[in-house]
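The values are calculated or read from the model by the stated rules, or taken from the named source; none is laboratory data. Model, not experiment: these values are computed from the prediction. Glycine also receives a Cβ, built like all others from the backbone with ideal geometry; neighbour counts cover every protein chain displayed. What goes into the accessible areas is simple: the full protein's heavy atoms, side chains included, and nothing from ligands, DNA or RNA. Shrake-Rupley method; radii C 1.70, N 1.55, O 1.52, S 1.80 Å.
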Amino acid sequence: MNKYTVINPHSEFKVINTHIHNIDGMAKVTGRATYTFDVKLPNMLYGKILRSPHAHAKILKIDYSRAMELPGVIGVVTGKEDTLGIKQGIWRRYQDLCDEQVLPVDKVRYIGEPVAAVAAITEEIAEKALDYIDVDYEVLPGVFEPLDAIKKEAPEIHEGFERNINVTRHIEWGDVEEAFEEAEYIREDWFKCGGQAHMCMETRAAVSSYTPDGKLTIYHSNQSPYYMQGLMAGVLGMREGDIRVISTYVGGGFGGKFELDGAIFCSAVLSKKLFRPVKIVFTREEDFIATKRRTPMFYYVRTGVKKDGTFCAREAKVFTNGGAYTGMGATALYLTGFFHSFPYRWKGYRYDGYRVYTNTLPSTSMRGFGAPQAMFCSEQQIEWIAADLGLDPIDMRRKNSHHEGYEVPGQATIASCGIDQCYDEIRKWIKDKGKLPANRAIGISACGFMSGGIFNWFDTPYSFSSAVVTINQDGTVELFVGAQEIGQGSNTTLAIICAEALGVRVEDIKVHSGDTDYCPPDLGAWGSRQTLMAGNAVKMAAEDAKKQLLEFAYAQSGYNIVYDMDIKDRWVHAIARPERGYDFGELVKKAIRGKDGQKIVGRGYYTPHRKGMISPAYSYMLQGVEVEVDEETGKIKLVDSMTAHDCGQPINHLGLIGQLEGAFSMAAGYGYLEYMPYEDGKLMNPNLVDYKMIRATEMPPANIAEIDTYEPEGPYGAKEAGEGLTNPTAAAIGNALFHRFGIQMKENPIRPEMILNALKEKKEKEQGKKGKK
Amino acid sequence: MNFKCPVCKKEWNSSLQVARHMFGTGDKPHKAWVDEQGKTQGFTFIDLMIEQATTPGNKSYVMLAEVIEKAQDKL
Ligand SMILES: [Zn+2]
């Protein structure tokens, strides 16, 4: 049974953190929600993409004349003939990093890269036609691991990027050398962190419809319709306003769906060429081999501490396997270095990150955005240091932790921090467990995460988030947001914030999102932006509308100060005498009449200014796992779990639990199951049978202690929940194994054979020692 | 005293910061400047970077910082 407890609840709210189900739940469970997969347009064609079988090759010639002879085939497009050949990327401010042609013109750089696309009257015919396209390649030598790719003799993947170094990132504060000199104990380790597939339930999909008047409408499964609109305008040479992106329902994103993918690009290019709507839906295998993945990383970590456990200095060097293109990988490279310092105070900290191109699937952002890798290394090494020094690992962590008011030098200000209480709750959980059976152990890990990134690599002139609230004469409310619902429940969260601010109920709010023609721009659903950033915009828009309404209430009531009045639960009243009042609908009608029949419209926007390098706010958490190990097979089982979590003021109780449980399951998969083995650049398990995700039956109880703090920068004090918790679990599993057997897991996912090998190695060492005696 | 970046003339109070900035920026003009200095001293921008990346400590940055210090008079 899952247990959920709340520590320090705030209770002044009417709507916030009450028991509200997802507002789109009914549409989803009754099958009426229209995902891109469900879209059918008159005269629609079906597209399929031909993919490269080579990891690195020049495209010499593409001959599709035989494919065109196949009955039912309407058209074929190639990079050279049908695109502008523009290199694209989210880095509109840094053109060097825009390095990907979604249909390459002259060279392919990974197995599965699109080469050509076909449109036919059925999906089957389109698929068949791929066999009739002849491509001449000149195969080039490939390189698949970053430490090989930086060697002098390695093949050059992109012209002008010496030693295949794509991006470097550096973070430093304090005098690192001096801080190391103060240390009485120094430990160094190398780690290897694996990739992970995003595994959205809805695979990448798009339906594009280009009409002769030069307008393009695209239904697309993504995390940021505004990005898609802007990026597509860039690659097609169109104006943004001539492109409409519709993403009303999206079946998951997890960081993998805010870049252009083959589905949106190829369907649009085909539709532009053929003047007919074209639909492309990726198969699960395509989703594995031809979209992006979590960034695999090699981590060197050197940490210096005093004998009493005081942290002095840390140095980290990271090589990431960037794959063939930059994508969001450059940000993951920065954030992994930033969060590797978290949630601790270091006198000196230095990070050097190197992102290296290889001939593999591009790696990019994924839930946690570089932090799961960082925490896997950091939180295990901290545990080992505590053991080396004979200190209690929780006490040692606690003593060095962030606290309210702490400034990460030059990087961030911590305005709210509940990690201290997280330690209390985890301690309690461990104590209550008592003595464990011999084959079980507990591991814990700490973490902190951002509430939306202060990054404008997209170079948008718009606010990062914006919202418009309009109120109808019957008291119903239309909320227009650019924030993207991808299944995480953001529309519900924003409806709750709107209802609370306006003084109405959630059922009064209709949220309009995921349509660039009607919704104001927003950078989208990534980096845990939505609750804080879009939430602030929505709160501001609702308060703007409410102020306009209260002007009429004030005029009518005869009170002489406007803030004597308020609206709560559809009741317009004097604050001092709440029984004196009248219905919200009545007020709205009067206000509309008073405005010469104009609707009430409230506007809100939010862009964080002067809030540090990374994010306006940080969440904190501790994850505990109880792990059972089968020494015969090396298999591990999660028996129980405990999350202690500080997300500021929770907005949606049910959504919060869902997000935390979801993050935990994804994190557990990253820790011990989800493995992406490559051979010569080819992914060996691109299907749901061989790629092991955690299943419901493998999920342990997910106990949660919610520590409610108040974040001054967040709407009603709210901050991040649900992405940060993807970060600590892999290390917690490793730490449990360390406590059970004394083995140190320096690679993830922690697979059974690795445990068996470590046990064997340990046994041999012990026997060797005995032999010497 | 302040140290200037020999390429874009931005200033920091430590030459190590300027070295870090040069590696961090890593664009063509910054790279070219380092490569030019290395001609007589036997290093290239990318050599220094890989050295920095693959060995502990801060040797490459310190080395470049010294080169930057020496170049200050000519800026
Ligand atoms: Zn410069």
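Rolling a 1.4 angstrom probe over the protein heavy atoms, how many square angstrom per residue are accessible across chain A? Don't skip to the answer; put the middle values down first.
Numbers: 28920 Å² over 773 residues.
Result: 37 Å² of accessible area for each residue.
What FRET efficiency comes out for the pair A:Glu586/A:Lys431, r = Cβ-Cβ distance, R0 = 60 Å, nearest 0.05? Don't jump to the answer; show the numbers that get you there.
Numbers: r = 57 Å, r/R0 = 0.94.
For A:Glu586 and A:Lys431, the calculated efficiency is 0.60.
With a sphere of radius 13 Å drawn around the Cβ of A:Ala576, what net charge do the other residues whose Cβ falls strictly inside it have (Lys, Arg +1; Asp, Glu -1)?
Working: positive: A:Arg577, A:Arg580; negative: A:Asp564, A:Asp566, A:Glu579.
Charge balance near A:Ala576 sits at -1.
With only alpha-carbon atoms in the gyration tensor, what are the semi-axes of the equivalent ellipsoid for region A:696-763, in Å, largest first?
Details: eigenvalues 250, 34, 23 Å².
Over the Cα atoms of region A:696-763, the semi-axes work out to 35, 13, 11 Å.
Could you tell me which of the pairs A:Lys61/B:Lys39; A:Lys192/A:Lys762; A:Lys152/A:Lys292; A:Lys637/A:Lys763; A:Lys547/A:Lys719 are separated by over 31 angstrom between their Cα atoms in the structure shown?
Flagged as over cut-off: A:Lys61/B:Lys39.
Where a ≥ b ≥ c are the square roots of the eigenvalues of the C-alpha gyration tensor, would you call region A:298-386 rounded, which needs a/c under 1.5, or, failing that, prolate if a/b is larger than b/c, or oblate? Write out the running numbers ahead of the final one.
On the way: a/c = 2.56, a/b = 2.45, b/c = 1.05.
In terms of gyration-tensor shape, prolate.
Given R₀ = 22 Å, what would the calculated FRET efficiency be for A:Ala233 paired with A:His512, taking r from the Cβ atoms and rounding to 0.05?
Details: r = 22 Å, r/R0 = 1.00.
Calculated value: 0.50.
What's the average, rounded to a whole number, of partner chain beta-carbon atoms within 10 Å of each residue's beta-carbon in A:164-172? Show your work: numbers first, answer last.
Values: counts 0, 5, 0, 1, 7, 1, 6, 2, 5.
Per residue, the number of nearby Cβ atoms from other chains is 3 on average.
Which of B:Lys28/B:Lys59; A:Lys107/A:Lys151; A:Lys347/B:Lys9 have a Cα-Cα distance over 27 Å?
Working: B:Lys28/B:Lys59 23 Å; A:Lys107/A:Lys151 22 Å; A:Lys347/B:Lys9 29 Å.
Beyond 27 Å between Cα atoms: A:Lys347/B:Lys9.
Mean-square fluctuation check for chain B, GNM, Cα pairs under 10 Å: which of B:Val34, B:Val62, B:Val18 is largest?
Per the Cα network of chain B with a 10 Å cutoff, B:Val62 tops the list.
Describe numerically, in nm with one decimal, the distance between label points set 7 Å from Cα along Cα→Cβ at B:Glu11 and at A:Ala555.
Placing both labels 7 Å along Cα→Cβ, they lie 5.8 nm apart.
To the nearest 500 deg cm²/dmol, what mean residue ellipticity at 222 nm is calculated for chain B from DSSP H runs of n ≥ 4 alone, each contributing -39,500 (n - 2.57), summed and divided by the residues? It would help to have the intermediate numbers written out before the result.
On the way: 4 runs with 48 residues, N = 75.
Per the formula, -20000 deg cm²/dmol.
Which residues of region B:36-50 end up with at least 10 Å² less accessible area in the presence of all protein chains than when their chain stands alone, using a 1.4 Å probe?
Going by heavy-atom accessible area, the residues of region B:36-50 that drop by at least 10 Å² are B:Ile46, B:Asp47, B:Met49, B:Ile50.
Excluding ligands, DNA and RNA, what is the accessible area buried between chains B and A, summed over both sides, using a 1.4 Å probe, to the nearest 100 Å²?
Details: alone 4630 and 29640 Å², together 32780 Å².
Buried area (both sides, nearest 100 Å²): 1500 Å².
Which percent of the accessible area of region A:145-209 is formed by carbon and sulfur heavy atoms (probe 1.4 angstrom)? Can you show the working numbers first?
Numbers: 1250 of 2770 Å².
The value for region A:145-209 is 45 percent carbon and sulfur by accessible area.
Counting partner chain Cβ atoms within 10 Å of every residue's Cβ in B:8-20, what's the average?
Working: counts 0, 0, 0, 0, 0, 0, 1, 0, 2, 1, 0, 0, 5.
If you average over the peptide's residues, the count of other-chain Cβ atoms is 1.
At 7 Å along Cα-to-Cβ for each site, give me the label-to-label distance between A:Glu124 and A:Glu162 in nm.
5.7 nm
Using 0.36 nm times the number of residues separating A:Tyr94 and A:Lys762, minus their current alpha carbon distance, what extension gain do you get? If you can, show how the numbers build up before the last one.
Working: separation 668, 0.36 × 668 = 240.48 nm, distance 4.91 nm.
Here the answer is 235.6 nm.
Given a Förster radius of 41 Å and the C-beta distance between A:Glu240 and A:Phe741 as r, what FRET efficiency does 1/(1 + (r/R0)^6) yield to the nearest 0.05? Working shown, then result.
Working: r = 57 Å, r/R0 = 1.39.
Here the calculated transfer efficiency is 0.10.
If I ignore ligands, DNA and RNA and count only protein heavy atoms, how much of A:Phe275 is accessible to a 1.4 Å probe, in Å² to the nearest 10?
110 Å²
For a quick check of understanding: with a 1.4 angstrom probe and all protein chains in place, what accessible area in square angstrom does A:His158 have, to the nearest ten?
10 Å²
Would you look at the GNM of chain B, springs on alpha carbons closer than 10 Å, and say which of B:Lys31, B:Lys39, B:Lys59 moves the most?
Among B:Lys31, B:Lys39, B:Lys59, the largest mean-square fluctuation in the Gaussian network model of chain B belongs to B:Lys39.
Would you list which aspartates and glutamates come within 18 Å of A:Lys770, measuring only between C-alpha atoms, while excluding same-chain residues fewer than 8 positions from it?
Straight-distance partners of A:Lys770: A:Glu761.
What distance in nm lies between label points placed 7 Å from Cα along the C-beta direction at A:Glu81 and A:Ser11?
Reported label-point gap for A:Glu81 and A:Ser11 is 7.1 nm.
Roughly what % antiparallel, to the nearest 5, for the DSSP beta bridges in chain A?
Values: 103 of 138 bridges.
Percent antiparallel among DSSP bridges in chain A is about 75.
Of the residues B:Thr44, B:Thr25, B:Thr54, which exhibits the maximal mean-square fluctuation in a Gaussian network model of chain B defined by a 10 Å Cα contact cut-off?
Of B:Thr44, B:Thr25, B:Thr54, the most mobile in the Gaussian network model is B:Thr54.
Find out how many positive minus negative residues lie around A:Trp346, taking Lys and Arg as positive, Asp and Glu as negative, among other residues whose Cβ is under 11 Å from that of A:Trp346. Kindly include the intermediate steps, with their values, before the conclusion.
Details: positive: A:Arg314, A:Arg345, A:Lys347, A:Arg350; negative: A:Glu172, A:Glu315.
Residues near A:Trp346 contribute +2 overall.
If every alpha-carbon in the protein assembly as shown counts as one equal scatterer, what log10 I(q)/I(0) does Debye give at q = 0.05, 0.06 1/Å?
The Cα Debye sum returns log10 ratios of -0.29, -0.42.
I'd like the mean, over residues of A:394-406, of how many other protein chain beta carbons sit within 10 Å of each residue's own Cβ. Mind showing how you got there, number by number?
On the way: counts 0, 0, 0, 0, 0, 0, 0, 0, 0, 0, 0, 0, 0.
Counting Cβ atoms of other protein chains within 10 Å of each residue's Cβ and averaging gives 0.
Would you compute, for the Cα atoms of region A:1-127, the largest minus smallest coordinate along each principal axis and list the three values in descending order, in whole Å?
Projected onto its principal axes, the Cα set of region A:1-127 covers 68, 40, 31 Å.
Rounded to a whole number, what % of the accessible area of region A:1-108 do carbon and sulfur atoms account for, probe 1.4 Å?
On the way: 3310 of 6140 Å².
Carbon-and-sulfur percentage of accessible area, whole number: 54.
Taking every DSSP beta bridge with both residues inside region A:299-402, roughly what % is antiparallel (nearest 5)? If you can, show how the numbers build up before the last one.
Values: 8 of 18 bridges.
Of those bridges, close to 45 percent are antiparallel.
In deg cm²/dmol and to the nearest 500, what is the mean residue ellipticity at 222 nm of chain A if only DSSP H runs of at least 4 residues count, each as -39500 (n - 2.57), divided by the residue total?
When only DSSP H runs of four or more count, the value is -8500 deg cm²/dmol.
If packing is taken as the mean number of other Cβ atoms within 10 Å per residue, what is the order of A:52-64, A:344-356, highest first?
Working: A:52-64: 18.3, A:344-356: 23.7.
So the order, starting with the most tightly packed, is A:344-356, A:52-64.
Take each of the peptides A:454-460, B:7-13, average the number of other beta-carbon atoms within 10 Å over its residues, and list them starting from the highest. If you can, show how the numbers build up before the last one.
Numbers: A:454-460: 16.6, B:7-13: 12.9.
Sorting A:454-460, B:7-13 by mean packing, highest first, produces A:454-460, B:7-13.
Taking the Cα centre as origin and putting +1 on Lys and Arg beta-carbons and -1 on Asp and Glu beta-carbons, what dipole magnitude results for chain A, to the nearest 20 debye?
Values: 90 positive and 101 negative charges, 98 e Å.
Taking the Cα centre of chain A as origin, the dipole is about 460 debye.
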